[in-house]
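Participant: Take this structure first; my questions come after.
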Amino acid sequence: MCVWGSIGVTASIMFSRQIFHFVGAFCVLAIAYAIGFNVSVHTNDAAIESRYETLAQAGRYRAAAVYGQRLLAHRERNGELPNSLAPLKAQVAQTLLDAYRPADAVPLLETALASEWAKGLSPIPYAKLEHALAIASMQSGDYSSAVAIYAAFLRIAGDEVLPLHSHGNFSPSAKESHDAAVYYGKAVAEAAVGFADALTPLGDVSSLTGNRDERLKTLAEMSELGAHYALGQESLYSAAGLLATAHKGRRDILGDDDADTVQSAMILGPVYERLGRLEDAEKLYLKAFHAQEKRIGANSPELSLYMKLLAGVYTAQGRSTEAEALYKLMRALFRDAFGERRYAANQKTNRSFDVDRPVSPQFVLSNKYKPKDLVRAERYFVPLSKSPNVDEMKVRLALDNEAEVDAEENSLPARLARLISLCQSEAGERLSLRSGYRSFNTQRDLFARIGHKGRVTPPGMSEHQLGLAVDIDVNGRLMRQSDKSYRCFEENAFRFGFILSYPPGNNYLPGEDSFEPWHWRYVSIETARLYREVGPVGRPQEFLASLECYEKQAANGVFPIVGERDVCLTSGVQIADTGQENLVPADTAKTDKGISGGKVNPPKGAFLN
Ligand SMILES: [Zn+2]
């Protein structure tokens, strides 16, 4: 490290010559260069400043950095206050970074960021400073700090709907928040190169700092960032570095059998596979499998996922006998778990599996309702917008056909993963799960926090509590009607068992316009097809409420004809005879048994299915 600059320029040239012994050859050159050319600038602020700027502009960063540090020291000595020095500190820090002196840039950036001046900055300039600090930290070997900064960026970038957390005195406008979210996303993408350089893909925790809790926090953030980088082929190597470090760190601290350790292994494994490291992937899956077996018991259907991953590796390695044995075991597990037992339960209540249960102000879920077959969507390769271990990244398995040989393929998350993959490649947009299961309490808190802005359903009325609804992000923000992938979902979601719960013009939710192009709900493929074929257009909740009637109609070959009364709609809503697929309410006084209770306003505008 170059001590000359931080000591300041009061020392005489004689003294500085003494310390030459202690500085690196490069510093000697830089300082000698500076001294040799301009001794007079030592005392003249303006002269140092002009020298600094000239050198920086000329791209002579090493020399410029020395002058920058002198300028700072000079001004500090002259009593300039830290707050007014802050912008210069930020500038000199950048020069130090350009001069490949990251360790010297870190303290300058830290003090600049802590100043009142920084608190008044708008979001992007502030984020630029944080980005610079992250780079400087990473380059000087402190990747914990870098990880903390980028993990925070990632969380804000993925949460455009919520107001950006202001860092100080500045309250950003909606546009500034949006632009900053875009900047955060870009900064995270840029950081991939740095992580790929800093971390080994096999995991090395030697530079991890802090106490146990701090280290665990860093490891969780590494997992988060790693999972994000794993979404793209180009950042796979960075993903491997972060995830392998997270996995190794968690093994050291928490042990092999801890759920978080297993979780890291399960995200890292597929990354190894994609990098062609099949043996490393195999080792991970085996360990994870045994850990899970211990944790959840040898008969749990959740084990099948580990078997499947392992079988996939065996297949890729040409070990087909082992792969086949695993597949066999897996099918047996599924038969036991979801076969006869479930069938018997279904017979009793007819619809106890309730993938087609309506939820609305008329069909409220109790605060006790919690589905029993929640699984982590990430385990089925659904790309996520959030950390894979939060409840919101879970969905129901919702297996609907016990007779299927490979039942897991027909689960909600597996189908969602396929739908997303289809529409990603068709639309060329990046899709991810923003929100899946939400407990009654989560929904209650969310509603309390941002319910006044609309777009958040009151607790008990949300399909998210069913574990069947998914909010989809497109390129890091909620799906919009104008997105190509929305088109793709409109055309294909039913093939995977999903329908649009809140179509344009619906009146299911409070507020002016409750059209939610991002909110898709699983009802099973059969039911989604039925809805498309015989259901009332744009009225999914009424359809679900009268599902048995529609099933009977379809079984008897009765399909509603435009203009005829839809006998299944107990509220008396008819399919209009305009041929435009619009709905008009019929006799609103007729009955209060239907989902809309006869109190609905006439829906406006055209309906999309
Ligand atoms: Zn939703």
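Only the coordinates and a few stated rules stand behind these numbers; no lab work does. Predicted model, so just to flag it, every value in this text is computed and none were measured. Don't worry about glycine lacking a Cβ; one is built from the backbone with ideal geometry, like all the others, and counts go over all protein chains shown.
Participant: Roughly speaking, what is the centre-to-centre gap between the stretch 119-136 and the stretch 252-294 when only Cα atoms are used, to the nearest Å?
Facilitator: So the two Cα centres are separated by 36 Å.
Participant: Another question about this same structure. According to the square roots a ≥ b ≥ c of the eigenvalues of the Cα gyration tensor, what is the shape class of the stretch 246-315, taking rounded for a/c under 1.5, prolate for a/b larger than b/c otherwise, and oblate for the remainder?
Facilitator: It comes out oblate by the Cα gyration axes.
Participant: Would you mind putting 527-533, 429-435 in packing order, based on average other-beta-carbon counts within 10 Å, highest first?
Facilitator: 429-435, 527-533
Participant: Compare the Cα positions of SER435, ASN492, THR457 along the charge dipole of the stretch 431-545 (+1 at Cβ of Lys, Arg; -1 at Cβ of Asp, Glu; about the Cα centre) and return the one farthest towards the positive end.
Facilitator: So the residue furthest toward the plus end is SER435.
Participant: To the nearest 0.05, what FRET efficiency results for THR200 and ILE124 with a Förster distance of 30 Å applied to their C-beta separation?
Facilitator: 0.35
Participant: Holding the Cα-Cα limit at 18 Å, pick out from LYS89/LYS119; LYS370/LYS394; LYS386/LYS484; LYS287/LYS328; LYS372/LYS394; LYS248/LYS386 the pairs that are longer than that.
Facilitator: In this structure, LYS386/LYS484; LYS287/LYS328; LYS248/LYS386 exceed 18 Å between Cα atoms.
Participant: Does the stretch 355-549 come out rounded, prolate or oblate, given a ≥ b ≥ c as the square roots of the eigenvalues of its C-alpha gyration tensor, rounded meaning a/c under 1.5 and, failing that, prolate meaning a/b above b/c?
Facilitator: Here the stretch 355-549 falls in the rounded category.
Participant: What's the FRET efficiency of GLN317 with SER482 using the Cβ-Cβ distance as r and R₀ = 45 Å, to the nearest 0.05?
Facilitator: The formula returns an efficiency of 0.50 here.
Participant: Cβ neighbours within 10 Å, averaged per peptide: list 96-104, 478-486 in order, most packed at the top.
Facilitator: Packing proxy ranking, top to bottom: 96-104, 478-486.
Participant: Here's another thing I want to ask about it. How big is the charge dipole of the stretch 355-549 about its Cα centre, in debye rounded to the nearest 20, if each Lys and Arg gets +1 on its Cβ and each Asp and Glu gets -1 on its Cβ?
Facilitator: Taking the Cα centre of the stretch 355-549 as origin, the dipole is about 700 debye.
Participant: Show me 258-269, 314-325 ranked by packing, highest mean number of other Cβ atoms within 10 Å first.
Facilitator: Packing order, densest peptide first, comes out as 258-269, 314-325.
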